[in-house]
Each structure stands twice: as structure tokens, then as C-alpha cells.
1. Only residues in region 86-112 that are among the hydrophobic types (A, V, I, L, M, F, W, C) count as the first member; pair them with residues that are surrounded by 11 or more Cβ atoms within 10 Å (Cβ to Cβ) and assigned to a loop (DSSP other than H, G, I, E, B), Cβ under 9 angstrom, at least 6 apart or cross-chain, and list the lot.
2. If you take the residues of region 89-128 that are β-branched (Val, Ile, Thr), under 25 Å from Ile70 (Cβ atoms) and part of a helix (DSSP H, G or I), which of them is least open to solvent (accessible area, probe 1.4 Å)?
3. Filtering region 42-77 down to residues that are among the aromatic types (Phe, Trp, Tyr) and surrounded by 14 or more Cβ atoms within 10 Å (Cβ to Cβ), which residue is nearest to the chain's Cα centre (by Cα)?
4. Quick one: count up the residues across region 27-41 that are touching a residue at least 24 places away in the same chain (Cβ under 8 Å) and either exposed (fewer than 10 other Cβ atoms within 10 Å of the Cβ) or not in a helix (DSSP H, G or I) (or both).
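The values are calculated or read from the model by the stated rules, or taken from the named source; none is laboratory data. Please read all numbers here as calculations on a predicted model, not as lab measurements. Neighbour counts run over all protein chains shown; Cβ positions are idealised from the backbone, glycine included. Protein only, heavy atoms only, side chains kept; ligands, DNA and RNA dropped before computing areas. Shrake-Rupley method; radii C 1.70, N 1.55, O 1.52, S 1.80 Å.
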Amino acid sequence: MPNPKIKSILLAGAALVVAAVLVLYMIIDPEDSSWFPKCLFLTLTGCKCPGCGTQRAIHCLLNFDFVGTIHYNAFLLFAIPVMSLYFIDYVSGERFARFHNFLNSRVVIIAVLIAVLVWWVLRNLIGW
């Protein structure tokens, strides 16, 4: 396990990078810019991956356009809280063993995987 001081510095650096990226996404609409990467899976197959539209959805979310967020990638509204829980688990380290064990249990991991797969299939079947 890394030195707590180094871990704190790395987390602070990561937080600054994330904040800068979020400001960039708030200001620039990925749909109107060629700077942002395009989905390779969509380009190659013509089908949307579970993450397709996430950049545009984040832009909408940061600008309080919740209808736009749902339009581009409704799954993001599920993914953000789940990713936040895993981040909290990572940052808290060993302090909350029951919380860690629950998040990393087979049931939760399979449930998240099933949710992603169902979203992936449904969005391509119904064209969402």
C-alpha cells in the first residue's frame, strides 16, 4: 500500500485533473467539437456501446440540462452514483470493511454487469 502522504498527493492531483476536465466539458459541447474522441465501437459496428453519448450527457448534466442527459445516455444517471460509491470505497481504504465487502461481493458485481448488458442491448433495440 502506498505511503498515505503520496496517496493524498496523487488524489489531490487527480481531483485537479478531473475538475479541469469537467470545466472543459461544461464549456465546450463535445457534439460541436472535433477535439473530443468519437466512439470506436460505434464507428466500427454502427451499434452503440453502453458509454455512447456519455461525453454529450456529461456536458448536458454540467449545464443542468437533465432531459439532454437522459437523451444522450440515461445510464449515466445510474453509473455516476455507482462509480461514486466505488471511489468512496477506494478513498476510505480499510476503514469500512463491510461496505467494501458489500461493493465487491459477487452479487453486486453481477448486478452491475447485468445492468450494463441490459442497457447495452435495450439502447440498440429501441434506438435510445
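1. Here the result reads Ile88/Phe96, each pair linking region 86-112 to a residue that is surrounded by 11 or more Cβ atoms within 10 Å (Cβ to Cβ) and assigned to a loop (DSSP other than H, G, I, E, B).
2. Per the stated criteria, the residue is Val108.
3. Per the criteria, the residue is Phe75.
4. 2
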